[in-house]
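Undergrad: Handing you a structure now.
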Amino acid sequence: MFDLTELQYDALSEIFNIGVGHAASALSDILNEEMRMSVPRISFQNRANLASKLCNGENRRICGVRQSFEGAIFNTDAMLMFPEEKSLEIVRLMVGGSLSMQELTEMEQEAMSEIGNIILNACVGVLADMLKQDIQSSLPSYHIGNSDELLSSYGDHADDIVLILHIDIALEKHEIEGHVAFILDMSTIQDLRPHLDQYITEMIG
Amino acid sequence: MLTEDRNNLFGHALKAVNAGVVLLDENQKIVFWNNWMERHSFISEEDALDKTLPEISPDLQSVRLLTAIRQALANRLPSILSQTLNKSPLPLFASQEEAGKSIRMQQAIQVLPIQTSPESHYCMIQVTDVSAAVNRESILRQQAVELRSKAHVDGLTGIANRRRFDEHGEESFRHAKRNGTTMSLILIDIDFFKLYNDTYGHQQGDYCLIEVATALSDEVRRPFDLVARYGGEEFVVVLPETDAEGAMHIACRMRAHVESLGIQHAKPNKVNTVTISLGVAMFDPSKRAISFNELINRADHALYKAKHSGRNQIVLHEESENEESSSAI
């Protein structure tokens, strides 16, 4: 479908790990408690089979925070996603709410949007640094639904490629796994390659 | 309309917006401070202009806000600061009175990059008062807590209900199993209660249930002990970390306490007041493994024995001989 060289792949992983590292330190500051975050792997998926991949065929509800990013060569819709029960866990760990309401309240949704905003901005910020280009963005919005519903809000270009970051979050004794999906068109990916190569050259010196 | 007039109009409109609007230049100096900000910060635009936020608010507690401003100016990425994760970063107050008491307004903040030309970067801070939403949610939470505790209370007697017993009993049982500690159950039934109801009426029956429930509750004092209404005139007592001897001791006190209430009841056994029968069973993890339901059955069986040996007495289920020993009083 689409290939990066191993080196390009590693470079991209590293960039995102730097990004979520920034996000983790920002969140740790807010919480006054250490939060760790890493991207153990990234992968590319076809738009079409993304939905089934994300929820292992189960029709469970997913909670997502979405931002649209726009730059000269990097245009993407990005969404941070957690299974609904995990997002409840994250927010309640962070704000210390003890009451087990079934859904995030209005204020908790705001908090979730902010967490998403911090993580997405950090990932894209590092990418913008690498590309040496400005990337503009919309404000984050909160979405909830099954994976089909969430992804259909992106429009339906079936040939789009989705870059998936697998994100591990560690807070207190909890380990939470989430995903960030960047919906990219082919030309964006082609444009990304030479910049990755340049980044690699600079890194190696 | 001339461009100049339009810009003038926009400036005035922004001034009048019923939310906080602040514009910062690329050095983070304030270049615009609208009426709403003046009203709620008690700082005039004149005093705010050309200063940075930390300069006008030395106790600005939010690293997050300053990071968001930097990110908007340097990377042109927008940020939101939710009230939940950021407790009132800006020194804003609903009224003079609250300012006097240093009670800050609950704030939701958006930090947006504004670019007027490729070289000029500004940042707009938008502040909304979310106190009403915060209050609404805290009321909602309170109600949920209340509902939840109500869901576990027996409406008539005010002690725990069957549902609470099911949860707490099961939990205590698992705890005993895990930690290898003993646990006891007491099942209690009011003697000849149907006759009592028929003789004195349902209202008096309700009164009798409340009195007995209160007497039983008075006899348990440890935080994890639980007296619950099991059904009609049946009660159950959960005693974690209690062996048979301890449970018998409590059962004796309960029996005596109910008898001493002296609630008049002309019934076909010796005593002319309301009495109870009690069945006691102990779970001992060092003996044969049983389920929680089996434990309830044993207590139930012991209670049955107590009823059939003349009532107003306690029977302990004895596991070793697989027979009950009766200690009639």
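The values are calculated or read from the model by the stated rules, or taken from the named source; none is laboratory data. Because the structure is a prediction, the values reported are computed rather than measured. Note: ideal-geometry Cβ built from the backbone for every residue, glycine included; neighbour counts use all protein chains shown. When the accessible area is computed, the model is the full protein with side chains, heavy atoms only, and any ligands, DNA or RNA have been set aside. Shrake-Rupley method; radii C 1.70, N 1.55, O 1.52, S 1.80 Å.
Undergrad: Run through all the Cα pairs of the protein assembly as shown and give the fraction in each 20 Å bin from 0, expressed as whole percent.
TA: With 20 Å bins starting at 0, P(r) equals 18, 33, 25, 19, 5, 0.
Undergrad: Using the heavy atoms of the protein chains alone and a 1.4 angstrom probe, what is the accessible area of chain B per residue in square angstrom?
TA: I get 51 Å² per residue for this part.
Undergrad: When Lys and Arg each count +1 and Asp and Glu each count -1, what net charge do the other residues less than 12 Å away from B:VAL63, Cβ to Cβ, add up to?
TA: Net local charge, B:VAL63 excluded: +1.
Undergrad: Farthest toward the dipole's positive end in the protein assembly as shown, which of A:LEU12, A:SER25, A:THR201, given Cβ charges of +1 (Lys, Arg) and -1 (Asp, Glu) about the Cα centre?
TA: A:SER25
Undergrad: So what does B:LYS87 come to for accessible area, using a 1.4 Å probe and Å² rounded to 10?
TA: Accessible area of B:LYS87: about 130 Å².
Undergrad: For A:ALA78, what charge total do you get from the other residues with a beta carbon under 12 Å from its beta carbon, if Lys and Arg give +1 and Asp and Glu give -1?
TA: Value of the local net charge: -1.
Undergrad: Limiting things to C-alpha atoms, what are the Rg and the maximum Cα-Cα separation (Dmax) for segment B:232-317, in angstroms?
TA: Looking at segment B:232-317, its Cα Rg and Dmax stand at 13.9, 45 Å.
Undergrad: Same structure again: Once you've got the GNM for chain A with C-alpha springs shorter than 10 Å, pick whichever of A:SER28, A:SER13, A:SER68 has the biggest mean-square fluctuation.
TA: A:SER28
Undergrad: Hey, can you find the accessible area per residue of chain A for me, probe 1.4 Å, expressed in square angstrom?
TA: Counting only protein heavy atoms, the per-residue value for chain A is 44 Å².
Undergrad: So, one more: GNM, chain B, Cα, under 10 Å: largest mean-square fluctuation among B:PRO268, B:PRO89, B:PRO240?
TA: B:PRO268
Undergrad: Okay, moving on. According to the Kirkwood expression over distinct Cα-Cα pairs, how big is the hydrodynamic radius of segment A:1-44, in Å?
TA: Answer for segment A:1-44: a Kirkwood hydrodynamic radius of 11.6 Å.
Undergrad: For the protein assembly as shown, give the share of DSSP beta bridges that are antiparallel, in percent and rounded to the nearest 5; count only bridges with both residues there.
TA: Roughly 95 percent of the DSSP beta bridges within the protein assembly as shown come out antiparallel.
Undergrad: Further question on the same structure: What does the convex hull of the alpha-carbon atoms of segment B:1-116 project to on average, in nm²?
TA: That works out to 7.8 nm², a quarter of the Cα hull's surface.
Undergrad: For chain B, how many pairs of lysine residues have a Cα-Cα distance under 25 Å, where the two are 8 or more positions apart or belong to different chains?
TA: Final tally of qualifying lysine pairs is 16.
Undergrad: Take the eigenvalues of the Cα gyration tensor for segment B:152-327, scale each by 5, and report the square roots as semi-axes in whole Å, largest first.
TA: Its equivalent ellipsoid spans semi-axes of 27, 18, 13 Å.
Undergrad: Using a probe radius of 1.4 Å on protein heavy atoms only, what is the accessible area buried between chains B and A, both sides summed, to the nearest 100 Å²?
TA: Buried area between the two chains comes out at roughly 2500 Å².
Undergrad: Could you tell me, in Å, what Rg and Dmax come out for the Cα atoms of chain B?
TA: 34.6, 106
Undergrad: Let me ask something else. Using a Gaussian network model of chain B with C-alpha springs under 10 Å, which one of B:ASN312, B:ASN297, B:ASN75 is most mobile by mean-square fluctuation?
TA: Ranking B:ASN312, B:ASN297, B:ASN75 by mean-square fluctuation puts B:ASN75 first.
Undergrad: Is segment B:218-258 rounded, prolate or oblate when judged by the Cα gyration tensor, a ≥ b ≥ c being the square roots of its eigenvalues, rounded requiring a/c under 1.5 and prolate requiring a/b larger than b/c?
TA: oblate
Undergrad: On to the next question. Which percent of the accessible area of segment A:6-204 is formed by carbon and sulfur heavy atoms (probe 1.4 angstrom)?
TA: C and S atoms contribute 46 percent here.
Undergrad: Pick out, from B:ASN272, B:ASN297, B:ALA215, the residue whose Cα sits farthest towards the positive end of the charge dipole of the protein assembly as shown, with +1 on the Cβ of Lys and Arg and -1 on the Cβ of Asp and Glu.
TA: B:ASN272
Undergrad: For chain A, what are Rg and Dmax over the alpha carbons, in angstrom?
TA: 16.7, 53
Undergrad: Using a 1.4 angstrom probe on the protein heavy atoms only, could you order B:THR199, B:THR116, A:THR188, B:THR181 from most to least accessible area?
TA: Order by accessible area, largest first: B:THR116, B:THR199, B:THR181, A:THR188.
Undergrad: Roughly how many debye, to the nearest 20, is the charge dipole of chain B about its Cα centre, given +1 on each Lys and Arg Cβ, -1 on each Asp and Glu Cβ, and no other charges?
TA: Roughly 300 debye, rounded to the nearest 20.
Undergrad: Another question, if that's okay. Rounded to the nearest 20 debye, what is the charge dipole size of segment B:6-128 about its Cα centre when +1 sits on each Lys and Arg Cβ and -1 on each Asp and Glu Cβ?
TA: Dipole magnitude for segment B:6-128 comes out near 420 debye.
Undergrad: Now for a different question. For segment B:41-84, list whatever residues lose no less than 40 Å² of accessible surface once every protein chain is in place, relative to that chain by itself, with the probe at 1.4 Å.
TA: Checking the loss per residue gives B:ARG64, B:ASN75, B:ARG76, B:LEU77, B:PRO78, B:ILE80, B:SER82, B:THR84.
Undergrad: Against the longest principal axis of chain B, how steep is helix B:244-261, in degrees 0 to 90 to the nearest 10, with axes from Cα atoms?
TA: That helix lies at roughly 80 degrees to the long axis.
Undergrad: Enter the angle in degrees (range 0 to 90, nearest 10) between the Cα long axis of helix A:186-204 and the first principal axis of the Cα atoms of chain A, meaning the one along which they spread out most.
TA: Helix A:186-204 and the main axis of chain A meet at about 80 degrees.
Undergrad: Okay, moving on. Counting only protein heavy atoms and using a 1.4 Å probe, what share of the accessible area of chain B belongs to carbon plus sulfur, as a whole percent?
TA: 51 percent
Undergrad: Around A:MET94, what is the net charge, scoring Lys/Arg as +1 and Asp/Glu as -1 over all other residues with Cβ under 11 Å from its Cβ?
TA: So the surrounding residues net to -4.
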